[in-house]
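Visitor: Have a look at the structure that comes next, please.
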Amino acid sequence: MSGRILPEVVGYLELNPKSARLGRFGVGDEAAIYIHFPFCSHLCTYCDFDTFAGQERWMDSYLDAVVEQIRCSPRVQATSLYVGGGTPSLMSPARAAQLVTSCRERFHLAADAETTIEANPSGLTGKGLEGFRQAGFNRLSLGVQSTDRRLLRLLGRRHTPEEAEASVRAAREVGFYNVSIDLLYGVPVQGQSVWETTLETTIGWGVDHLSCYALTVEPGTPMERGVNRGILQMPAEETVVEMYHTSCVTELKTDTDSFFVKADGVGIIVHLTVEYGDIVKRK
Ligand SMILES: C[S@@+](CC[C@H](N)C(=O)[O-])C[C@H]1O[C@@H](n2cnc3c(N)ncnc32)[C@H](O)[C@@H]1O
Ligand code: SF4
């Protein structure tokens, strides 16, 4: 993966139809807008997402191409905007603002529509977060993955648990009223108690939402090589299932108002919505 280069600079913009027939839009049809930002400062050991490290020189051309695509897109009713990656927090707040403005000019996007930007705590500053908030994003999706130092190293993450917590706090301070974090479970050497601690710690940070993903060993990743060579051992399926159930129970222990658990047929994806009284009221 690290040797990959961008084949060509083409903006990746997706209009996911909500009410239109697939790919065909008419007057009054709705879409959720997804903009992909395929750049990361480095590649994590487990990830095979469509993203590139060491290709920063293409960022501006890529964003120009996305903006051009927005200008050429059908003028749909947009229910939400999501900028994902990759690591969108690597772009400057000015370029992020240009994406929001271009979408607002082209699409019918309600003033209070959910607008999300994905971020990595590594290198994320309060000033940067403030810039993204001012750019027009109201929801932050932060890749935390774990609060255990050893696991963060194994996963190839370059941030500490403290930096992740500080990012959540800074996001609140600059006015993100919806903060979601991604966590991984079913990771080698993680164990049930580390997973429990991670859940309890991050819920304690007062986030609105946890996306808990069971680790998939993806072909061609350093994680796969480690597993194939016997250096890393994946947890037994029963352990992963136990972690899945712990996620649900942990959430319930915190007096939350509601939760949402989603399991797909392939891996197990726990999708938890953690809503505290005080956060629900925050607008
Ligand atoms: C685009 S990334 C999130 C934002 C940012 N790039 C970051 O990692 O900080 C989306 C999420 O997918 C999950 N993910 C990536 N690779 C995965 C894998 N092999 N198995 C399970 N989940 C994975 C991670 O939790 C990651 O945060
Ligand atoms: S997990 Fe996020 S930061 Fe890590 S390589 Fe994948 S997209 Fe990039």
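Each reported figure results from applying straightforward, stated rules to the coordinates on display, with no laboratory input. All values reported here derive from a predicted model rather than from experimental measurement. FYI the Cβ positions are ideal-geometry reconstructions off the backbone, even for glycines, and counts take in every protein chain you see.
Visitor: Taking the Cα-to-Cβ direction at Ile231 and at Thr197 and moving 7 Å from each Cα, how far apart do the two end points lie in nm?
Guide: Label at Ile231, label at Thr197, 2.4 nm between them.
Visitor: Using a ≥ b ≥ c from the Cα gyration tensor of segment 105-217 (square roots of the eigenvalues), is it rounded, prolate or oblate, where a/c under 1.5 gives rounded and otherwise the larger of a/b and b/c decides, a/b for prolate?
Guide: Values: a/c = 2.20, a/b = 1.89, b/c = 1.17.
Verdict is prolate for segment 105-217.
Visitor: Take the alpha carbon atoms of segment 72-122, find their center, do the same for segment 166-238, and report the distance between the two centers in whole angstrom.
Guide: Taking the Cα centre of segment 166-238 as reference, the centre of segment 72-122 is 25 Å away.
Visitor: Full-extension gain between Asp112 and Gln134, please, as 0.36 nm times their residue separation minus the C-alpha to C-alpha distance. Walk me through the intermediate numbers first.
Guide: Numbers: separation 22, 0.36 × 22 = 7.92 nm, distance 1.39 nm.
This chain segment gains 6.5 nm when fully extended.
Visitor: For Glu238, Glu114, which order do you get if you count the other beta carbons within 10 Å of each Cβ and list the fewest first?
Guide: Glu238, Glu114
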